[in-house]
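Everything below concerns the one structure shown next.
The values are calculated or read from the model by the stated rules, or taken from the named source; none is laboratory data. Everything numeric in this text was worked out from a predicted model, so none of it was measured. When we count neighbours, we look across all protein chains shown, and the Cβ atoms used for this are built from the backbone with ideal geometry, even at glycine.
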Amino acid sequence: MKKTILVTLILLGLGTSANAYTLEENKKACDNGDMAGCSNLGSMYSDGKGVKQDSFKAVELYTKACDGGGMDGCHNLGFSYYNGQGVEQDYFKAVKLYTKACDGGHMGGCSNLGRMYSDGQGVRQDSFKAVELYTKVCDNGNMLGCYNLGFMYSNGEGVKQDSLKAVKLYTKACDGGDMSGCYNLGIMYADGQGVKQDYFKAVKIYTKACDGGHMTGCSNLGVMYHNGQGVRQSNKNALKYWGKACDSGHARACKNYATVNKR
């Protein structure tokens, strides 16, 4: 059975302020000119939490928040334009909004803007600019930025390829709670990239990623059990982790489960 390779760059999804409050509290805050309340209320409409799902209403609220200086609103509005949720998809508009959010100190906006530069969506592709933005985000304590920066070092995009640096950044991201960082760190240990190959360490890190909800981490953990790498060989445990990942829609885990279970 083969392990899945490194996870690619990731966009930060919709966000709310630290104090999200209830629907009524957010409505009151928004009506009283609190832009964080408007943004939070928009997220509730976007997710259908406590209210009927309404992407158009969410966009209206994000726009109000952004126009009023709420950077969460600008970031969330950019995400809406990126995905075409409640508005026609528009990468150029998303870039403009992520830039406004980033300039206003919103690290999620900076991280997503980096992704736009990395992929050349709405802007001319520029890996160097992406690295600059991910570095800013990581230095400000945003673990997704550290993960994305690690990916750039892993692949030599916008920087000289450096597996040692990638391991350091994935470790920082993982320690900070980013499960994609844990997953990629597990691969580095399993394959001996930037560190001495260590299956025991890889299993430990895949387990953390899996427990944290990263289903490809569960899938790779199943492979380790199936192959007896870093753990005692156990098809029972392999099937356990592949089953968990498969139940969440992971196609390769489903294939592995079916292949081993019918033997």
**OP:** Could you run through the stretch 206-263 and say how many residues are among the polar types (S, T, N, Q) and farther than 25 Å from T171 by Cβ?
**Re:** 8
Original post:
Going by the structure shown, is Y257 aromatic (F, W, Y) and at pLDDT below 95?
Top reply: yes
**OP:** Give, as residue ranges, the helices (runs of 4 or more DSSP H) completely inside the stretch 143-194 that count at least 1 residues that are closer than 19 Å to L221 by Cα.
**Re:** 163-175, 179-191
Original post:
If only one of D162, D139, D191 is within 18 Å of the chain's Cα centre (by Cα) and acidic (D, E), which one is it?
Top reply: D139
Original post:
If you go through the stretch 145-202 one residue at a time, how many are among the polar types (S, T, N, Q) and closer than 16 Å to M224 by Cβ?
Top reply: 2
Subject >> Only one of G86, G68 that is surrounded by 17 or more Cβ atoms within 10 Å (Cβ to Cβ) and at pLDDT 95 or above >> reply: G86
Original post:
Quick check: anything in the stretch 116-126 within 30 Å of G69 (Cβ to Cβ), small (G, A, S), surrounded by 21 or more Cβ atoms within 10 Å (Cβ to Cβ) and in contact (Cβ under 8 Å) with a residue 40 or more places away in the chain?
Top reply: yes
Original post:
How many residues are within 14 Å of N76 (Cα to Cα) and free of Cβ contacts under 8 Å to residues at least 40 places away in the same chain if we restrict to the stretch 44-65?
Top reply: 14
